[in-house]
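What follows is a single structure, written as structure tokens, with notes after it.
Where a number appears in this text, it was derived from the coordinates with a stated rule and is not lab data. Source: prediction; values computed, not measured. As a convention, Cβ positions derive from the backbone with ideal geometry for all residues, glycine included, and neighbour counts pool all protein chains shown.
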């Protein structure tokens, strides 16, 4: 059965860049997957203030913003059509109109009927970050984040961030399709950031993967006081890994979901493709 990737296309306030299409096509080609592009056009509440409409032409501003959304969505879809066609990737597109604050809910609900969510993260737009956070913790599906302004990844070398936790184990399971296709798999455990469940959890994971015909090497990494997200991403880049796999950490505080430091750091400073799973 072919995999089906859900790709949210953000159009507000800045929207995804055209370069995002390169990442989508490369990932789909690597996984031999189909793509479902969901174009999200921003909806805005109606304002009934007569004075406000006199001072500022609110309906005109809303109309202009929605037109800009449709224009950005069309540009990204055109780029995606070009890139997927070039690589022979099957794809389809649908559109939804919703308030920007509910983009994450729309993606989360639809993601449950797909195998993977692929979110393009730009350097300044926080909206895709919020969508990614919602998908990671609410969809029950793995989420692949890609830095859309960087060149498409080579998924031949995959690095696993391993601390022996439940979410790390879930991420390894959810990354199985990438791991089985990789030529090189590295297991990296940060040894000076927190207590690990045993002396050498990386070796135990490598033994488990070998029983599934996935050969992996083990690396012990030290953060030396650096943020964990920076430590992991920099080690991945230094060793030539094109993708990082890690668990999405977070915990509930009353009704809000609070991100763990590593997950927050990845979302705010994404340097290479990262598959997060909770």
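Structure data summary
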item	result
Alpha-carbon Rg/Rh ratio, for the chain, with Rh computed the Kirkwood way	1.02
Among 86, 204, 141, residue whose mean-square fluctuation peaks in a GNM of the chain (springs only between Cα atoms under 10 Å)	86
Bridge type composition, the range 4-147 - antiparallel percent by DSSP, nearest 5	0
Relative exposure of 117, 172, judged by other C-beta atoms within 10 Å (fewest first)	172, 117
Added length on full extension, which subtracts the Cα-Cα distance from 0.36 nm per residue, residue 198 to residue 82	36.8 nm
Computed log₁₀ I(q)/I(0) - Debye formula, equal Cα scatterers, no solvent, the range 4-147, q 0.09, 0.16, 0.20 Å⁻¹	-0.28, -0.79, -1.15
Kirkwood-based shape ratio for the range 175-217, expressed as Rg/Rh from alpha carbons	1.02
Full-extension gain in nm, residue 181 to residue 113, via 0.36 nm per residue minus C-alpha separation	22.1 nm
Segment residue 224-residue 124, extension gain: residue separation times 0.36 nm, minus the distance between their alpha carbons	33.2 nm
Gaussian network model of the chain, springs between alpha carbon atoms under 10 Å - residue of 242, 156, 64 with greatest fluctuation	64
Mean Cα-pair separation over length for the chain, i.e. relative contact order, pairs under 8 Å, 6 or more apart, %	20
Whole-angstrom gap from the range 89-158 to the range 189-218, using each part's C-alpha centre	28
Of all DSSP beta bridges in the chain, antiparallel share, percent nearest 5	15
Cα gyration tensor shape of the range 157-277, rounded if a/c is under 1.5, else prolate or oblate by comparing a/b with b/c	rounded
Of 261, 138, 225, the one that fluctuates the most in a GNM where the chain has Cα springs shorter than 10 Å	225
Pairwise FRET efficiency - residue 61 versus residue 93, Cβ, R0 = 35 Å, nearest 0.05	0.80
Taking 91, 162 and counting other C-beta atoms within 10 Å, the order from fewest to most	91, 162
Ascending count of other beta-carbon atoms within 10 Å, so fewest first, for 89, 158	89, 158
Per-pair calculated FRET efficiency, R0 = 25 Å: residue 237 and residue 268 via Cβ, rounded to 0.05	0.90
For the range 157-277, share of DSSP beta bridges that run antiparallel, in % to the nearest 5	20
